[in-house]
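The values are calculated or read from the model by the stated rules, or taken from the named source; none is laboratory data. None of the values given here were measured: they were computed from a predicted structure. Note: ideal-geometry Cβ built from the backbone for every residue, glycine included; neighbour counts use all protein chains shown.
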Amino acid sequence: MPTNINPLKERLHEIIFEADTPAGKVFDVSLLVLIAASVLVVMLESVDPLQQRYSKIFTYLEWAFTIVFTIEYILRLYCVYRPMKYATSFFGIVDLLSILPTYLSLFVQGTHYLVVIRGLRLLRVFRILKLGHFLKEGDVIVRALMASRAKITVFLTFVMLATIIFGSVMYLVEGGSNDSFSSIPRSIYWAIVTLTTVGYGDITPATAIGQFLSAAIMILGYAIIAVPTGIVSAEFISELNSDRGTNTQACRYCGKEGHADDAVYCKYCGEILNEN
C-alpha cells in the first residue's frame with residue numbers, strides 16, 4: 001500500500017472507474033458512445049460500396065478512435081496502484097485487445113476488423129445504468145456454471161462416447177448400401193446432428209434398421225437435453241439461496257468490482273476499498 005495518497009490518481013480513479021459521481025457518469029456514457037460508434041464504423045467499412053467511397057474517412061475515424069482508447073487505457077493503468085492487476089483482468093485484457101488490431105494492421109493487412117471486440121466493453125453499461133441486480137444475477141450464473149463444471153464434463157464425455165458408438169453402429173448398418181454413410185467420422189457427424197435434435201437432413205438412413213436406430217437416437221436426444229439443464233439449475237438454486245450481495249465499487253488498486261456491500265477490503269487483492 002502506498003504511504004502517500006496521490007490526489008491526481010484518486011481523482012482520475014473516481015472519474016474513470018466510479019459511475020456514482022456526475023463526472024464519472026459523463027465519462028462512462030461518453031466512452032460507451034465512442035465504443036458503439038467505433039464498432040459501427042468497422043461494420044460499415046466491411047461493406048464494399050461504402051469502403052470504396054469513404055475509405056479515407058473510415059481510416060481517419062478508426063485511428064481517431066484508437067488514439068482515444070489508447071489514452072483511456074493508459075489512464076486506467078495509471079490511476080490504479082497495481083496496474084498489472086487491472087491489465088490481467090477481464091476488462092483490462094478486452095481494453096488492450098480493442099486497440100491492438102489497429103496498430104497490428106500497420107504490419108498485417110486486415111487485422112483492424114478485429115476491433116469489433118470493443119463491443120464487449122459495452123458490458124460496462126450495466127454499471128453506468130445502476131443495474132446492479134443484473135450484475136449480481138450474472139455473477140450467480142457464472143458461479144453456478146463453475147460449480148457444475150465437473151458434472152457437465154462427465155455428461156459431455158458420455159455424450160461423446162454415445163455419438164462414437166451410434167455412429168459406428170450406423171456405419172455398419174448403412175455403410176454398404178448408403179453412400180451418405182461412407183465412413184465412421186461421417187457417421188459420427190450424423191449421430192451428433194441427430195442426438196442434438198438439430199436434424200439437418202443432409203444424411204439420412206435408407207434401411208429399416210437404420211431408420212429405427214435413428215428414431216431411437218432422436219428420442220434419446222430429448223432426454224439428454226434435460227440433463228445439463230437440471231445440473232445447472234440445481235447449482236443455480238444453491239447459489240441463489242446464499243446471500244452474497246455485491247455493489248459496483250471498484251478497487252483503486254486492482255480495478256475489480258463485485259464487493260459485498262459492507263466490505264472494507266478488496267476480496268481480490270486485499271487492499272482497503274475506502275481510505276476516506
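I'm checking my understanding of the structure. Among residues of region 1-50 that are among the acidic types (Asp, Glu) and modelled with pLDDT under 85, which one is farthest from CYS254 (Cα to Cα)?
Of everything passing the filter in region 1-50, GLU45 is farthest from CYS254 (Cα to Cα).
Here is a yes/no grid of residues against (1) hydroxyl-bearing (Ser, Thr, Tyr); (2) assigned by TED's automatic domain parsing to the domain that holds ASP95; (3) surrounded by fewer than 14 Cβ atoms within 10 Å (Cβ to Cβ); (4) farther than 21 Å from ARG76 by Cα:
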site: LEU12; (1), (2), (3), (4): no, yes, no, no
site: PHE27; (1), (2), (3), (4): no, yes, no, no
site: ILE35; (1), (2), (3), (4): no, yes, no, no
site: SER38; (1), (2), (3), (4): yes, yes, no, no
site: LYS56; (1), (2), (3), (4): no, yes, yes, yes
site: THR59; (1), (2), (3), (4): yes, yes, no, yes
site: PHE65; (1), (2), (3), (4): no, yes, no, no
Determine which single condition LEU172 fails, assuming it passes every other condition in (1) among the hydrophobic types (A, V, I, L, M, F, W, C); (2) surrounded by fewer than 16 Cβ atoms within 10 Å (Cβ to Cβ); (3) farther than 13 Å from LEU213 by Cα. (3)
Restricting to region 75-103, name every residue that is without any contact (Cβ under 8 Å) to a residue 60 or more places away in the chain and touching a His at 6+ places or on another chain (Cβ under 7 Å). PRO101, THR102
Failed criterion for LEU97 (all others in (1) of a type outside the set (D, E, K, R); (2) touching a Leu at 6+ places or on another chain (Cβ under 9 Å); (3) farther than 17 Å from LEU32 by Cβ; (4) buried (at least 17 other Cβ atoms within 10 Å of the Cβ) hold): (4)
Can you tell me which residue within region 175-189, out of those that are touching a residue at least 24 places away in the same chain (Cβ under 8 Å) and farther than 11 Å from THR163 by Cβ, is surrounded by the fewest Cβ atoms within 10 Å (Cβ to Cβ)? SER177
